[in-house]
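The values are calculated or read from the model by the stated rules, or taken from the named source; none is laboratory data. In this text, all values refer to a predicted model and were calculated from it rather than measured experimentally. As a convention, Cβ positions derive from the backbone with ideal geometry for all residues, glycine included, and neighbour counts pool all protein chains shown.
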Amino acid sequence: MKLKEIAHSRTGDKGNISNISLIVFNQADYKLIEEKVTAESVKSWFKDIVEGEVTRYELPELGALNFVMDKALGGGVTRSLAQDKHGKSLSSALLEMEI
C-alpha cells in the first residue's frame, strides 16, 4: 500500500533543510507507519535529493511522524536551480512510498 492511502503530509523549509510531516488519517494506523517509515527508509526514498542526514521525530499523540532532512533543497531557496525551490512537492512524493 502507498502511504497516501492512510496518511497525509505537509512540508516546510528553512534554508537547505526540508521538514516533512506524515499524519495518519486514522490513529489505528500510527503503529504501522511508526514501524515502516524510518529515517533510513525516507533517506533512501529521497536518495537523489537529500545529501545530509534525516532525523525522525515521533508524535504518537497526534498520529504523526516528522522528518527533518538536512541538505535537501539544493543549497536553499536563494541558491537552488530547482523548480520547486521550497520543496513543497516533497510531501506528495513521500506519500507515493510503498509500505
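Tabulated data for the structure shown
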{"item": "Considering residues of the stretch 12-36 that are hydrophobic (A, V, I, L, M, F, W, C) and more than 21 Å from L73 (Cβ to Cβ) only, the residue surrounded by the fewest Cβ atoms within 10 Å (Cβ to Cβ)", "result": "A28"}
{"item": "Those residues of the stretch 12-37 which are touching a Gly at 6+ places or on another chain (Cβ under 7 Å) and assigned to a strand (DSSP E or B), in sequence order", "result": "D13, S18, N19, I23, V24"}
{"item": "Enumeration of residues in the stretch 5-61 that are in contact (Cβ under 8 Å) with a residue 40 or more places away in the chain and charged (D, E, K, R)", "result": "R10, D13, K36"}
{"item": "Criterion: surrounded by fewer than 19 Cβ atoms within 10 Å (Cβ to Cβ) and modelled with pLDDT of 95 or more - qualifying residue of S9, S41, S80", "result": "S41"}
{"item": "Candidate set from the stretch 48-61 (those that are part of a loop (DSSP other than H, G, I, E, B) and modelled with pLDDT of 95 or more); member that is surrounded by the fewest Cβ atoms within 10 Å (Cβ to Cβ)", "result": "E53"}
{"item": "Index of the failed condition, N66 passing every other in (1) under 15 Å from S92 (Cα atoms); (2) more than 11 Å from the chain's Cα centre (by Cα); (3) not in a loop (DSSP other than H, G, I, E, B)", "result": "(2)"}
{"item": "Residue under evaluation E98, criteria (1) at pLDDT 95 or above; (2) within 12 Å of the chain's Cα centre (by Cα); (3) not aliphatic (A, V, I, L, M), criterion not met", "result": "(2)"}
